[in-house]
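Below is one structure, written out as structure tokens, with a few remarks after it.
Nothing in this text is a laboratory measurement; each read-out follows from the coordinates by a stated rule. Predicted model only: the values in this text are computed from it and were never measured. In this analysis, Cβ positions are derived from the backbone assuming ideal geometry, glycine residues included, and neighbour counts consider all displayed protein chains.
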Amino acid sequence: MSNRIEKQPCVLRCIAGETLLIPLRGKAADLDAIYVLNETAARLWEGLDRYSDLSSLTAYLAETFDGVTAAAAVQDVADFLDALAEAGLIRATCAASQPVCQLT
Amino acid sequence: MRASVSYAHFSRQLHRRLLEDRIPLEATFEVSRRCPLACRHCYNNLPVGDRAARQRELTLDEYRRIFDEIAEAGTLWLLLTGGEVLARPDFLEIYTEAKTRGFLITIFTNGTLLTPRIADYLAEWRPFAVEITLYGHTRETYERLTRAPGSYDRCHRGIALLLERSLPLKLKTVGTTITKDEIFAMRDWAEALGVPFKFDSMLNPRIDCSQSPLEVRLTPEEVVELDLRDPRRLPAWRDLSQRYQTAAMAPYVTNTVYDCGGGIGSFAVNPYGEMSICVLSQTETYDLRQGSFREGWEHFLRQARLQLRTRPVKCQTCEIRPMCGSCAAVNELETGDKETPIDFACRVNHLRAYLLEIPLTPNPLCEYRPGSERYAELQASVAALRQRAAELGVALPVPSRRSLPVIPFQHDGNSVKEGHSNE
């Protein structure tokens, strides 16, 4: 049984050279902080439309950026997903029964 | 890989950049000028049942197109205001169209038309902020200003609906001859609720040229006395003055009729799709029903914003310009001329500056500067306000630094003389 990652409703905006992640619904939309993504993070966020687990996201990142190995990327991807989860911007579900569970 | 920065830090950085790049970061949309209240001080309200006005208002499809265009152009902060936004039965649809494009939305409302259904919806699709204006602490005062029986209870019901859902509510009021004795009761009430509160006393004539709001406007001395009664206000005015004296603003301040952020980083759209520099600026409008936002922003509004002054005015070299309530738009509403500063704002500003001991240089164009015709008369008001501060037990802020030149001492034997080295 593997964890699957589900994006919460957000809009990615590019304004004045910055890539911003704007949450739309629920408590995540209360703006205590603003989420500014660098290029890697923005690509990962877009990647979440197609890949919904840690290993495939890590492989996607390694394919997208030259010189990045899956082994090197795995911790970065995990950290990013943890941060998104903490902010309420993604949630992890178990594929079989769909309850909320831990990301890692 | 990612950065989560504080909202305040992010906002400051982005606003700094917009001065160089002229990005339309902030938009104000007057969703409807119709309103169920008939406030004596209001600058733009129309009867809620004004069918002709309703028929002219933008359709939902027109909002969709305009929101697409401004999102593409870089707008982030979106203010939806009125009149009363909820006078539009389809307000939540307009709001949702804006929300799903990723704007950070603030809603100005009087709260009287809020319902549990609307509050539930906002709790799910949360706005950046909701600001409700209080028109009095007591029912009698509130409805004396709004001229709408029952409006006090409806407003308080609306506030409760938002608070029950922990929505990001802010309260505010306007200082008028009717509300002035209840401002601090409203502040205390708001703070007891844990809700931020602010007030403003700068009233303008109506945009249809009626001067009726000025009938309830406070005198400049009354406006500044309200500052004395709130220990946070006077230091805040000085901070504002210092913070915005930046080199980055200089090209926009020196020679242009408009000297604000309108047309550089912000714009307004009225209920009929006409874009302008701000909600008060009425003479230069670009019809978004006839042309694209980009065309209007890049060409029309740029030209409007960069129009040059035709004559020297006292505001051009005014050190306390950033604290002032005067601007081209309000000048035009009150004097009929963008370049003629309104005396009310200038007098309020100078009263504040003298109380704060901000150094002001003589200026032959300004009647309130040392050596000018109204200086002595204004100083009498300053003295009276100092006396009032003493009665209230208010310690006026000590200036943080002096920018007047220090006159060097000259030693002559055992005597010490100040200046006059060429005797």
- What is the Cα centroid distance between the range B:86-101 and the range B:25-54, reported in whole angstrom? 16 Å
- Item | Relative contact order of chain B, defined on C-alpha pairs under 8 angstrom at six or more residues apart (%) | 14 percent
- Taking Rh as the Kirkwood radius, which is the inverse of the mean 1/r over Cα pairs, what is the Rg/Rh value for the range B:158-239? 1.03
- Per-residue ellipticity at 222 nm attributable to helices in the protein assembly as shown (runs of n ≥ 4 DSSP H, -39500 (n - 2.57) apiece, nearest 500 deg cm²/dmol) works out to -11000 deg cm²/dmol
- Item | Between the range B:120-164 and the range B:346-378, the alpha-carbon center distance in angstrom | 39 Å
- Mind telling me which of B:257, B:394, B:224 comes out most flexible in a GNM of chain B, alpha-carbon contacts under 10 Å? B:394
- What residue among B:301, B:161, B:240 shows peak mean-square fluctuation when chain B is described by a Gaussian network model with Cα springs under 10 Å? B:240
- Note on the structure: Dividing the mean separation of Cα pairs under 8 Å (6+ apart) by the residue count of the range A:3-94 yields a relative contact order in percent of 36 percent
- Mind checking the mean number of beta-carbon atoms from other chains within 10 Å of the Cβ atoms in A:8-16? 5
- Counting only DSSP beta bridges fully inside chain B, the antiparallel percentage to nearest 5 is 25 percent
- Mind running the shape call on the range A:3-94? Use the C-alpha gyration tensor, a ≥ b ≥ c as the square roots of the eigenvalues: rounded below 1.5 for a/c, prolate if a/b tops b/c, oblate otherwise. oblate
- Take every DSSP beta bridge whose two residues both sit in the protein assembly as shown, then give the antiparallel share in percent to the nearest 5. 50 percent
- Any chance you could list the semi-axes, whole Å, largest first, of the equivalent ellipsoid that the Cα gyration tensor gives for the protein assembly as shown, using √(5λ)? 45, 31, 24
- Item | Calculated P(r) tail over 30 Å for chain B, as whole % of Cα pairs | 48 percent
- Mind listing the lone cysteines of chain B, meaning no other Cys beta-carbon sits under 4.7 Å from theirs? B:35, B:155, B:209, B:260, B:278, B:315, B:318, B:324, B:327, B:346, B:366
- Query: Among B:9, B:156, B:350, which comes first, second and so on when ranked by fewest other beta-carbon atoms within 10 Å?
  - Reply: B:9, B:156, B:350
- Could you work out which residue, out of B:374, B:147, B:217, moves most in a Gaussian network model of chain B, that is, has the largest mean-square fluctuation with Cα springs under 10 Å? B:374
